[in-house]
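Here is the structure we will look at.
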């Protein structure tokens with residue numbers, strides 16, 4: 001049996017916590033990125049069918065339930081990697097910021113800029129000329145992925161490129177992996193684990209995967225996304 005509890009993080013961001021046995025996990029779809037809506041996700045679960053999102057939710061709930069059954073934390077013996085700050089207003093204790101655009105580029109910090117594949121290759125080349133190359137850690141999804149195009153962009157800009165949600169080799173330096181919908185890939189490339197910008201329960205699911213694979217992932221992941229939402233009882237419990 002699967003129990004679920006719907007929640008809202010904002011007017012637009014909705015999801016559901018699920019409980020399977022004694023284990024908990026999050027189901028937080030992004031329909032604008034291709035996920036089925038929440039109601040469809042839950043209807044399929046009732047019928048015993050899964051999506052990439054709910055398949056991972058069930059797997060994470062099983063891990064959580066097993067730890068609870070042993071009376072231990074899933075984080076026992078593990079250390080969660082540090083994170084970049086999600087936005088341009090990074091506090092002093094953060095040395096890396098993840099930006100969703102270049103309207104405001106902060107001083108001091110290393111930069112990870114995500115264009116969500118909205119640009120054409122030639123548009124990115126024009127924008128890249130004005131970016132502080134010495135502080136760019138990587139550019140995520142500068143344009144829709146094409147191996148030859150990305151290889152040319154790397155050569156012309158001298159910037160590392162990161163691919164989100166998918167796995168590819170040509171023209172890619174970094175893979176951005178979201179445990180909410182993905183397994184850990186088999187690759188020699190740098191891996192940045194990020195949350196799905198979901199409920200803190202989902203955020204800690206991503207943090208567990210990052211901690212479990214600490215030797216394989218970047219020293220700066222993307223696990224600090226609760227600051228993007230209004231505070232609630234769950235967020236109040238988070239201690240950084």
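The values are calculated or read from the model by the stated rules, or taken from the named source; none is laboratory data. Just so it is clear, the structure is predicted and the values come from calculations on it, not from any experiment. Counting neighbours? That spans all protein chains shown, and the Cβs are built from the backbone with ideal geometry, glycine included.
Side notes on the structure shown:
- Among the residues making up segment 98-109, a single one is surrounded by 18 or more Cβ atoms within 10 Å (Cβ to Cβ) and farther than 22 Å from residue 229 by Cα: 109.
- Restricting 146, 95 to those that are touching a strand residue (DSSP E or B) at 6+ places or on another chain (Cβ under 9 Å) and either at pLDDT 95 or above or buried (at least 19 other Cβ atoms within 10 Å of the Cβ) (or both) reduces the list to 95.
- So residue 163, is it closer than 16 Å to residue 102 by Cα and either modelled with pLDDT of 95 or more or under 22 Å from the mean Cα position of the chain (by Cα) (or both): no
- Qualifying residue in segment 7-25 (condition: under 23 Å from residue 184 (Cβ atoms) and part of a loop (DSSP other than H, G, I, E, B)): no
- Conditions (1) in the same structural domain as residue 152 (by TED's automatic domain parsing); (2) touching a residue at least 24 places away in the same chain (Cβ under 8 Å); number of the one not met by residue 14: (1)
- Where residue 214 falls short, out of the listed (1) closer than 25 Å to residue 16 by Cβ; (2) out of contact with any strand residue (DSSP E or B) (no Cβ under 9 Å at 6 or more places or on another chain); (3) outside any helix (DSSP H, G or I): (1)
- For segment 184-202, filtered to residues that are free of Cβ contacts under 8 Å to residues at least 60 places away in the same chain and touching a helix residue (DSSP H, G or I) at 6+ places or on another chain (Cβ under 8 Å), the residue that is surrounded by the most Cβ atoms within 10 Å (Cβ to Cβ) is 195.
- Verdict on residue 21 being surrounded by fewer than 16 Cβ atoms within 10 Å (Cβ to Cβ), farther than 17 Å from residue 198 by Cβ, without any contact (Cβ under 8 Å) to a residue 60 or more places away in the chain and touching a helix residue (DSSP H, G or I) at 6+ places or on another chain (Cβ under 7 Å): yes
- Test: residue 195 is at pLDDT 95 or above and under 21 Å from residue 27 (Cα atoms): yes
- Of the residues in segment 119-139, at least one is out of contact with any helix residue (DSSP H, G or I) (no Cβ under 7 Å at 6 or more places or on another chain), buried (at least 18 other Cβ atoms within 10 Å of the Cβ), free of Cβ contacts under 8 Å to residues at least 40 places away in the same chain and closer than 22 Å to residue 215 by Cβ.
- Boolean, residue 156 is without any contact (Cβ under 8 Å) to a residue 40 or more places away in the chain, exposed (fewer than 14 other Cβ atoms within 10 Å of the Cβ) and not in a loop (DSSP other than H, G, I, E, B): yes
- Any chance residue 41 is in a helix (DSSP H, G or I) and within 22 Å of the chain's Cα centre (by Cα): yes
- Residue check for residue 87: at positive phi and either in contact with a strand residue (DSSP E or B) (Cβ under 8 Å, 6 or more places away or on another chain) or without any contact (Cβ under 8 Å) to a residue 60 or more places away in the chain (or both): yes
For every residue, the table says whether it meets (1) touching a helix residue (DSSP H, G or I) at 6+ places or on another chain (Cβ under 6 Å); (2) exposed (fewer than 14 other Cβ atoms within 10 Å of the Cβ).
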residue: 207; (1), (2): no, no
residue: 212; (1), (2): no, no
residue: 217; (1), (2): yes, no
residue: 224; (1), (2): no, no
residue: 231; (1), (2): no, yes
residue: 235; (1), (2): yes, no
